[in-house]
1. Which value results for Rg/Rh of chain A when Rg is the Cα radius of gyration and Rh the Kirkwood radius based on the inverse mean 1/r?
2. Counting only other chains, and only Cβ atoms inside 10 Å, what mean value do you get across the residues of A:156-163?
3. At 7 Å along the Cα-to-beta-carbon direction for both B:Ala176 and A:Glu117, put a label point, then send me their distance in nm to one decimal.
4. Report Rg/Rh for the stretch A:128-170, rounded to two decimals, where Rg is the Cα radius of gyration and Rh the Kirkwood radius.
5. How many times 2.2 N^0.38 Å is the alpha carbon radius of gyration of the stretch A:101-167?
6. Using 0.36 nm per residue of separation minus the Cα-Cα distance, give me the extension gain between B:Tyr298 and B:Asp129 in nm, one decimal.
7. Could you work out how far apart the two model spin labels at A:Asp160 and B:Asn34 are, taking each label as a point 7 Å from the Cα in the direction of the beta carbon, and quote it in nm?
8. By how many nm would the segment from A:Val42 to A:Arg153 lengthen if fully extended, with 0.36 nm per residue of separation less the alpha-carbon distance?
Amino acid sequence: MVDKQSFTEFVLAHQAALRIYVRGSAVKPDFVDDVAQECFLVAYKRFKEFDPARASGATWLRGIARNIILNEARKHARRSRLLHEGLGKILVKQEIHEQNDDQRLEAIRLCLAHLDEQQQQLIKLHYAEEQDAQIIGEQLGMKAASIRKRLSRLRLRLRDCIERRMQGPAESLS
Amino acid sequence: MTNAQTDGVLLSRIIDGEITDEELQSVIDTEEINAGELRQLLECDELIRQTANQDAAVFAESVQQRIDYEEDGPAFTAGLMLRIKRRQRLVTAGFAIAAVLLVSVAYQLFNQSPAPTHAGYSHSHAFADGSHIHFNDAAQVQWQEDAEKINVNLKSGELQAVIEKERQRPYVFSTAEGSVLVRGTAFRLYQEHAQSVINLTEGSVDVESASETLTIHAPSRVRFQRFAAPQAIPLRKQNLFIITDFMSYDDYLAVIAILRDPSFTLCGIIATAGSVPYNQDVDVVHTEIKQTLEAIGYPDIPVHRGATGINLDATVDVPAVDVLHAFAQANEGRIAIANLGSYQAVSAALIKQYPDTAQRCVLANLARQRKGGWVSARDDGEEAFNYVCNNFPGQLYLLDEQLARQWTSIRLADLDALQSSIGKRIRERVTYTTKTMPIWDQAMFAVLSQACLEANTDQSELVIVKELPAGDPEQRGLRTLKFVP
C-alpha cells in the first residue's frame, strides 16, 4: 500500500516538470493536467516498481507520460488530447536534456516581472483567465490576429529570456 | 518573409491551435517543422501557464481525488449504490453528532453577524432550528437575529433556503426591492437589475414590496420591485426530454436536479451513441441508463433508443423521434429537449422525419466560440451540428461552454440540496470531476442543472448566449453569422 502522504509529496515535487514535458509533447493545453494526472495515477499503481537508483522520479514519470502519449497518438480518436497525432509521435521522441525545472520556473518568474503592464495584462488574460485571442481582442479593442502575434512574440522573448537566465547572470527581458 | 520568420509564424499557429490537421500533416510530411524549437516553445507556454496560475496544490489535490476515485471502482452500479446506502447509514450517526457540534459553533458565529459572504465562494449556513441557507457565488448577504426574528438581507446574488416549519422565530428575507416573510419552506431568492425573484419550491411565503403583500404557495415564482407590487410569474411545468450518451456523474446529477425541480416534467431520456467510451453502442448506452435509473430509484423514467452514431448518416432508424412525435401529438404546448453533448443526430432525424413536431420543440445545445462564429462544443459531430443549427424549425439555443463553465461552481451549490438523494460519495466524485474533467462535461452539468431548462422561462440568469433567429434557415448559417454575447 502506497502511503498517500508520501505520494502527494512525490506529486508536488514532480508535477511542474511533468506538466511541462506533457505540454512539450504536443498535448493540447486543456488536456495537460488531465494527461499529467493520468501519469501520476499509473505511477501510484506502480510505485513499488520505482527505483530511484535506476532513474530519477522525473525520468520515470517521463517514461510513463511517453507511453500514454504514444498510445493516444495510436488511438486515432475523434476527440484526441493531442494537437496532432503525428506531431505527438515526433515530439515525444525528442531527446530531452535534463533541466532544472525549479530554476526554469524561477527564471520565468523573473522574466515575467520585467514585462510592461500591457504585456502582463495579456499574459494574465490568456494564461490565468484562459481567454482566447478573440475575446482578449474584444476586451482590449484589438484584432484577434494582433493578439495572437503579440502572444507569439511574447513567448519567443520569454523563451529566450529563460535561456539567458539559465545560462548566465540575470538579465532583463526588455 | 524569411524562413526563420515563416518558421516562427508556423510554430505559433501550431501552439495556438490555429492550423488544420491537413496543413500540419503536410508540414510533417515535408519535414519543414523544427521539432526542437517547437518543443521549447510549447514548454515555455506551459511554464508561463503554471507561473500565471500557481496551482500546484490544487493539481496535487486533484491527483489525490482521482486516485481515490479509481480505487473506489466504477460509478453508479447497483452494487455500488448499495454500498453507498450502507455507508450512509453509518455516516448518518456520525453526522448527527457532528451536527450538534456544528450547530453550536454556527450559533456562536451567527451571533457575531452581520457576516457578508465573499464573491467567488459559495457556502452554507445552518441555523440552530435546523434551517439552512446556501449562498451562491458572488452573493452579498448580511443577517441579524434578535429575540423577535431572524433577518437575512440579500444585497446581491443568489441564495437558497430551506426553513424548518418548527421554529421559534420568524425569518424575514429582504432585498433592496422588498421582503419575504417565511412560513416554513424552501426557495431560491436572487437579486439583480433592480428586481428580486423568489422561486418557491415548498410551503408558502408572504412577499412584500411597495407596501403590498402577496401570499404565495409552492410551486410558484414571484418578481418584486421597489416601486411595484409583487407580481406572480406564471409557472408552467415544462415537458422535457434529455438526450445523453452515457449516464456519468454530471449527466446523473443533471437528471436528479431536473427531477427535483417543480418546473419540469422529465418525460424521458434518449440514449444515443456517443463519446464515453468512444463509439459506444446505442444498445449498451440504453441498457446502462436503464440500470442506472433503477439503481438510483427512478425505474419509471422511460428510456428510448436514439441514434446509432453522431453524424448525419445516423439519422435513419432513430426510434426516439417516433416517441417525440407521438408525445407531441398527445400533448399540447412546447417540448424542451436538452442535449447533454453535441451529438445532434437525434435532433437532425427529428427535423427530417417530423418537421412539424420539431417546430414545437425548444432545443438547447452546447456550443463553442471560434473565430467569431460558433461551432460544436466538441471536436466532432460538426456535420450534424451545422445541419441542426441551420435547419431546426423550432426554438434553438446555443449555450456557450465557457460561460457554462463559469457557472459550474454556482450550480454545484445545488448539490447541498441534492445531497440527501445523492449521497456523500457522489458529492465527492463531483468535486473530483469538476476539478479535472474536461470543460464540456462541466458545461454539461452547469447547463442541465439550470440553463437549458430555463430556456422557456423569463429568468435572467440564463447561460444562453444566443438565440438563433427563427425563419429563414439561411440566416442561421454558422459560417456567416457572428454573434455577440
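FYI, it's all coordinate maths here, none of it is from the lab. If you're wondering where the values come from, they're calculated on a predicted model, not measured in any experiment. Virtual Cβ from ideal backbone geometry, glycine too; neighbours counted across all protein chains shown.
1. Dividing the radius of gyration by the Kirkwood radius yields 1.01.
2. Mean number of neighbouring Cβ atoms from other chains: 4.
3. So the two model labels end up 3.0 nm from each other.
4. Ratio of gyration radius to Kirkwood radius: 1.17.
5. 1.16
6. Contour length minus Cα-Cα distance gives 57.7 nm.
7. The two pseudo-label positions are separated by 1.2 nm.
8. That pair, A:Val42 and A:Arg153, stretches by 36.3 nm at full extension.
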